[in-house]
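Worksheet: one structure, shown below.
The values are calculated or read from the model by the stated rules, or taken from the named source; none is laboratory data. Being a predicted model, the structure only gives us computed values, none of them experimental. Cβ: placed from backbone, ideal geometry, glycine included. Neighbour counts: every protein chain shown. Note: accessible area is taken over every heavy atom of the protein model, side chains too, but ligands, DNA and RNA are not part of it. Shrake-Rupley method; radii C 1.70, N 1.55, O 1.52, S 1.80 Å.
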Amino acid sequence: MNLEGACTHIQDVPKLKHASRRECEDCVKIGAEWVHLRTCQSCGGTRCCDSSPNRHASRHAKASGHPVISSAEPGERWLYCFPDDNAVEY
Ligand SMILES: [Zn+2]
Ligand SMILES: [Zn+2]
Ligand SMILES: [Zn+2]
C-alpha cells in the first residue's frame, strides 16, 4: 500500500484484508466481550482493540510478529503498525 507517511511494514501490505466475521475470534473462544475490532494484515485474523478488556489484536501482533492491523469498524479507514507506532489513513 503506497500511502503517505506509511512505514515499510504498511508499504509491504499488498492488498487490504477485510474482516471475514464481525467478531473477535479469541473473545468468542473464551466468552469475552470486545469494544472495537481490528484485522491483521498478515493473516487476516480479526481481533479486539486496546480499549477491549483482552486486547487480543495487540497480543496477537506481539506473539506472531504480524506488524500491521486495519480497523474493522464500519466507516474507519486506517492502518496501524505496532513496531513503528504508526497510523495512516487510506
Ligand atoms: Zn512499520
Ligand atoms: Zn478479543
Ligand atoms: Zn496475524
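Check off (1) buried (at least 19 other Cβ atoms within 10 Å of the Cβ); (2) in contact with a helix residue (DSSP H, G or I) (Cβ under 9 Å, 6 or more places away or on another chain) for ILE10 and give me the number that stays unchecked.
ILE10 satisfies every listed condition except (2).
Under 8 Å between Cβ atoms, at least 6 apart or on separate chains: pull out the pairs that start in the range 34-59 with a residue that is at positive phi and end on any residue that is more than 16 Å from ligand 1 (Cβ to nearest atom) and open to solvent by less than 60 Å² (accessible area, probe 1.4 Å).
Within 8 Å, the pairs are ARG55/CYS48; ARG55/CYS49.
Just to verify a result, which residue in the range 73-86, among those that are open to solvent by less than 70 Å² (accessible area, probe 1.4 Å) and touching a helix residue (DSSP H, G or I) at 6+ places or on another chain (Cβ under 9 Å), is farthest from GLY5 (Cα to Cα)?
Applying the filter and picking the extreme gives PHE82.
Could you tell me whether VAL68 is buried (at least 16 other Cβ atoms within 10 Å of the Cβ), in contact with a Cys (Cβ under 6 Å, 6 or more places away or on another chain), under 16 Å from LEU3 (Cα atoms) and modelled with pLDDT of 95 or more? Even if it seems obvious, please write down each step before you answer.
Details: buried (at least 16 other Cβ atoms within 10 Å of the Cβ): yes; in contact with a Cys (Cβ under 6 Å, 6 or more places away or on another chain): yes; under 16 Å from LEU3 (Cα atoms): yes; modelled with pLDDT of 95 or more: yes.
When the stated conditions are applied, VAL68 passes them.
So, in the range 35-63, of the ones that are open to solvent by 50 Å² or more (accessible area, probe 1.4 Å) and in a helix (DSSP H, G or I), which residue ends up nearest to ligand 1 (Cβ to nearest atom)?
The extreme case among them is LYS62.
Looking at the range 4-20, can you tell me whether even one residue there is within 16 Å of ligand 2 (Cβ to nearest atom), out of contact with any Cys (no Cβ under 9 Å at 6 or more places or on another chain) and modelled with pLDDT of 95 or more?
Here is the first cut: in the range 4-20, the residues within 16 Å of ligand 2 (Cβ to nearest atom) are 19-20.
Going one step further and asking which of them are out of contact with any Cys (no Cβ under 9 Å at 6 or more places or on another chain), we end up with 19-20.
Remaining after also requiring modelled with pLDDT of 95 or more: 19.
Yes, some residue in the range 4-20 is within 16 Å of ligand 2 (Cβ to nearest atom), out of contact with any Cys (no Cβ under 9 Å at 6 or more places or on another chain) and modelled with pLDDT of 95 or more.
Out of everything in the range 1-19 that is more than 13 Å from the chain's Cα centre (by Cα) and among the small types (Gly, Ala, Ser), what residue ends up being nearest to PRO67 (Cα to Cα)?
Taking the candidates together, the pick is ALA6.
With the requirement that a residue be open to solvent by less than 90 Å² (accessible area, probe 1.4 Å) and either within 18 Å of ALA87 (Cβ to Cβ) or not aromatic (Phe, Trp, Tyr) (or both), what does the range 13-34 give you?
VAL13, LEU16, LYS17, ALA19, GLU23, CYS24, GLU25, ASP26, CYS27, VAL28, GLY31, ALA32 - these are the residues of the range 13-34 that are open to solvent by less than 90 Å² (accessible area, probe 1.4 Å) and either within 18 Å of ALA87 (Cβ to Cβ) or not aromatic (Phe, Trp, Tyr) (or both).
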